[in-house]
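The values are calculated or read from the model by the stated rules, or taken from the named source; none is laboratory data. All of these numbers come straight from a predicted model, not from anything done at the bench. We place every Cβ from the backbone using ideal geometry, glycine too, and count neighbours over all the protein chains shown. Only protein heavy atoms, including side chains, enter the accessible area calculation; ligands, DNA and RNA are left aside. Shrake-Rupley method; radii C 1.70, N 1.55, O 1.52, S 1.80 Å.
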Amino acid sequence: MRSSGQGAKAFAIWGTLGMFLVLPLLFVDWEDPPQYPKLEGAVNVVRYLSAPRQTARSSFLAMYPNGQPSEFVKWMFSTVGKAEWPPMEGGFEAGQAKSIRIPLIPAGILLLPGQPHLNQKGRQLVVSADDKRGVLVLDAYFDPGHPPVFSRELEFKLPK
């Protein structure tokens, strides 16, 4: 016969073992890996550049005080805006940027404003804007001669 103390002890042991078996499931990444990781990496670069905290410290608002999404696209692809882009993967500054969690421009991805470059083969991320809805529209092309493999819309918010 078991005493009530032995039953409580067994319950505590089995409960603890069950908890340790279930605990790792809380830390598993249940999201599917991206189908096009380099193109998704380029989306992250645009997300980083257009984030309110980044636009607050960039030259964007000094050049375009109204801060419209279409103005952001103009700024991003201007000489001044490109100077503020993060480094390219494998570049000289890539290690530093990665250590402070700045997304790197994936090697082999072409970032373009407005429309895909049909004469240039390869992966392209096209950035355009919809001022009425306040969004940046990102179309990712594996081959610019075909429809985009995915599109994303990023809400464009100005810093407060």
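Each principal axis of the Cα cloud of segment 109-160 was evaluated for its coordinate range; sorted largest first, these ranges are 40, 15, 15 Å.
Legend: calculated FRET efficiency, residue 51 to residue 149, from the Cβ-Cβ distance at R0 = 22 Å, rounded to 0.05, equals 0.35.
One chain, two ends: residue 133 and residue 158. Fully extended at 0.36 nm per residue, the span grows by 7.6 nm beyond their Cα-Cα distance.
Applying 0.36 nm per residue to the separation of residue 10 and residue 44 and subtracting their alpha-carbon distance, the gain on full extension is 7.2 nm. By accessible area, using a 1.4 Å probe on protein heavy atoms only, segment 52-160 has 53% of its surface on carbon and sulfur. Evaluated with a Cβ-only charge set (Lys, Arg +1; Asp, Glu -1), segment 56-160 carries a dipole of roughly 200 debye about its Cα centre, given to the nearest 20.
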